[in-house]
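This is the structure I have questions about; it appears just below.
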Amino acid sequence: MKGCLPACLLAFFFSCQAQAAEKSPLLPLMVGGQRPAIAIIIDDMGNRLAPGVRAVRLPAELTYSILPYTPFSRRLASLAHRLGKEVMLHLPMEALDHRPIGPGGLRPQMTRHRFVRTILADLAAIPYVSGINNHMGSLLTQDVSAMRWLMVEIARRRSLYFIDSYTSRESIAQRVAIEHRITSLRRNVFLDNELNPRAIGFYYRRLLTLARRQGIALAIGHPHAETLEFLARHLPRLLEEGIELLPVSALIKRARRYEEWRRMPLLASHALELEATKADN
């Protein structure tokens, strides 16, 4: 019975989700006749070569967020760029539980000079970067001064976007990004907090439902074997389901066509977002 509980909960919550979706207006086509769209970021890239290469070689427009100073960071960024894939800096930030965040991490006790110097070094460590999202950061993304320092540096590089990985419900990162006129979105779904096909499938369907409901949706996953196997099986069917897969930069452009895109809600409840208790990824 104990082993059955997570599966039972998933089945129950997905049933509730399906009922809610039937009562909610969906968006089969967007402005200009475009389909609903998703983007998927594969986080935590750079520590392991084989899973990283496998992730980058998936035949899909995924986006890859790479940790600075990891053994294979430059190699994987170069491979992704060579294959026409989008690369991000996965910027380490202090978490509420103060777990180790690795080299290149940002902490609230830093002086502004050291904080900025760290950001610049992290950006220099990963080639071909198009945008930034936070690695962990449930503490730092609540810090107004730190987020302002970060966004000032991103704003100076107008080609960069910022994605709030949303590892805390108290995060102000996207709001501060918007205040600094930085193109930005917030993560809607974590795909793989639970590493089994049923759980990954639940959150993947959640992602597609959100895309149909609000026009776009953004997910984060990781280069786990279970995640990559699931995506390899299911991503080729997306167009049959009427949904496009885009790089993050293209998803942001799509989002900007909505009049209210800057205030786009997360559209997630405690019941449907079971990963809320495992926020730091």
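Looking at the structure I just gave you, is Glu170 among the acidic types (Asp, Glu), within 26 Å of Lys85 (Cβ to Cβ), surrounded by fewer than 18 Cβ atoms within 10 Å (Cβ to Cβ) and modelled with pLDDT of 95 or more? Spell out the reasoning first.
On the way: among the acidic types (Asp, Glu): yes; within 26 Å of Lys85 (Cβ to Cβ): no; surrounded by fewer than 18 Cβ atoms within 10 Å (Cβ to Cβ): yes; modelled with pLDDT of 95 or more: yes.
For Glu170, the condition - among the acidic types (Asp, Glu), within 26 Å of Lys85 (Cβ to Cβ), surrounded by fewer than 18 Cβ atoms within 10 Å (Cβ to Cβ) and modelled with pLDDT of 95 or more - is not met.
Residues of region 185-201 being among the polar types (S, T, N, Q) and either farther than 20 Å from Asp44 by Cα or more than 16 Å from the chain's Cα centre (by Cα) (or both), which ones? Lay out the reasoning, then the answer.
The initial filter retains those residues of region 185-201 that are among the polar types (S, T, N, Q), namely 188, 193, 196.
If the condition is that a residue be among the polar types (S, T, N, Q) and either farther than 20 Å from Asp44 by Cα or more than 16 Å from the chain's Cα centre (by Cα) (or both), then Asn196 is the only one that fits.
Which members of region 60-93 meet the condition of being in contact (Cβ under 8 Å) with a residue 12 or more places away in the chain, more than 13 Å from the chain's Cα centre (by Cα) and assigned to a loop (DSSP other than H, G, I, E, B)?
Passing the criteria: Ala60, Glu61, Leu67, Pro68, Tyr69, Thr70, Pro71, Phe72, Leu83, Lys85.
Sort out which residues of region 94-119 are over 18 Å from the mean Cα position of the chain (by Cα) and in contact (Cβ under 8 Å) with a residue 40 or more places away in the chain, and write them in order of number. Walk me through how you get there before you give the answer.
Start the filter on region 94-119 by keeping residues that are over 18 Å from the mean Cα position of the chain (by Cα), which leaves 96-100, 102-119.
Those that are over 18 Å from the mean Cα position of the chain (by Cα) and in contact (Cβ under 8 Å) with a residue 40 or more places away in the chain: Leu96, Asp97, His98, Arg99, Leu106.
Tell me, yes or no, whether region 153-163 has at least one residue that is in contact with a strand residue (DSSP E or B) (Cβ under 8 Å, 6 or more places away or on another chain) and at pLDDT below 95. Even if it seems obvious, please write down each step before you answer.
Looking only at region 153-163, we keep the residues that are in contact with a strand residue (DSSP E or B) (Cβ under 8 Å, 6 or more places away or on another chain), and these are 154, 159-163.
Add one more test, that the residue is at pLDDT below 95, and what stays is 159.
Looking for residues that are in contact with a strand residue (DSSP E or B) (Cβ under 8 Å, 6 or more places away or on another chain) and at pLDDT below 95, one finds at least one in region 153-163, hence yes.
Right, next: Go through region 206-259 and give me each residue that's modelled with pLDDT under 95 and of a type in the set (Ser, Thr, Tyr).
Tyr258
Of the conditions (1) crowded, with 21+ Cβ neighbours inside 10 Å; (2) at positive phi; (3) not hydrophobic (A, V, I, L, M, F, W, C), Gly242 fails just one. Which one is it?
(1)
What about Leu96, is it surrounded by 16 or more Cβ atoms within 10 Å (Cβ to Cβ), touching a Leu at 6+ places or on another chain (Cβ under 6 Å) and assigned to a loop (DSSP other than H, G, I, E, B)?
Criteria met by Leu96.
Just checking, how many residues over region 38-59 are outside any loop (DSSP other than H, G, I, E, B), closer than 14 Å to Ala232 by Cβ and not β-branched (Val, Ile, Thr)?
Residues in region 38-59 being outside any loop (DSSP other than H, G, I, E, B), closer than 14 Å to Ala232 by Cβ and not β-branched (Val, Ile, Thr): 3 in total.
Residues are listed down the side, and each one gets a yes or a no for (1) assigned to a helix (DSSP H, G or I); (2) surrounded by fewer than 21 Cβ atoms within 10 Å (Cβ to Cβ); (3) among the polar types (S, T, N, Q); (4) at negative phi:
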site: Glu153; (1), (2), (3), (4): yes, yes, no, yes
site: Arg157; (1), (2), (3), (4): no, yes, no, yes
site: Phe162; (1), (2), (3), (4): no, no, no, yes
site: Ile178; (1), (2), (3), (4): yes, yes, no, yes
site: Ile182; (1), (2), (3), (4): no, no, no, yes
site: Gly201; (1), (2), (3), (4): yes, yes, no, yes
site: Arg213; (1), (2), (3), (4): yes, yes, no, yes
site: His234; (1), (2), (3), (4): yes, yes, no, yes
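Give the residues of region 19-71 that are surrounded by fewer than 18 Cβ atoms within 10 Å (Cβ to Cβ), of a type in the set (Ser, Thr, Tyr) and at pLDDT 95 or above, sorted by residue number.
Hit for region 19-71 is Tyr69, nothing else.
Another one. Within region 235-245, does at least one residue satisfy the condition of being acidic (Asp, Glu) and in contact (Cβ under 8 Å) with a residue 60 or more places away in the chain?
The answer is yes; a qualifying residue exists.
Here's another thing I want to ask about it. Please enumerate the residues belonging to region 120-138 that are buried (at least 21 other Cβ atoms within 10 Å of the Cβ), in a loop (DSSP other than H, G, I, E, B) and more than 17 Å from the chain's Cα centre (by Cα).
Of everything in region 120-138, just one residue is buried (at least 21 other Cβ atoms within 10 Å of the Cβ), in a loop (DSSP other than H, G, I, E, B) and more than 17 Å from the chain's Cα centre (by Cα), namely Ile126.
Among the numbered criteria (1) over 25 Å from Arg256 (Cα atoms); (2) surrounded by fewer than 22 Cβ atoms within 10 Å (Cβ to Cβ); (3) at pLDDT 95 or above, which single criterion is violated by Asp192?
All conditions are met except number (2).
The values are calculated or read from the model by the stated rules, or taken from the named source; none is laboratory data. All of these numbers come straight from a predicted model, not from anything done at the bench. Don't worry about glycine lacking a Cβ; one is built from the backbone with ideal geometry, like all the others, and counts go over all protein chains shown.
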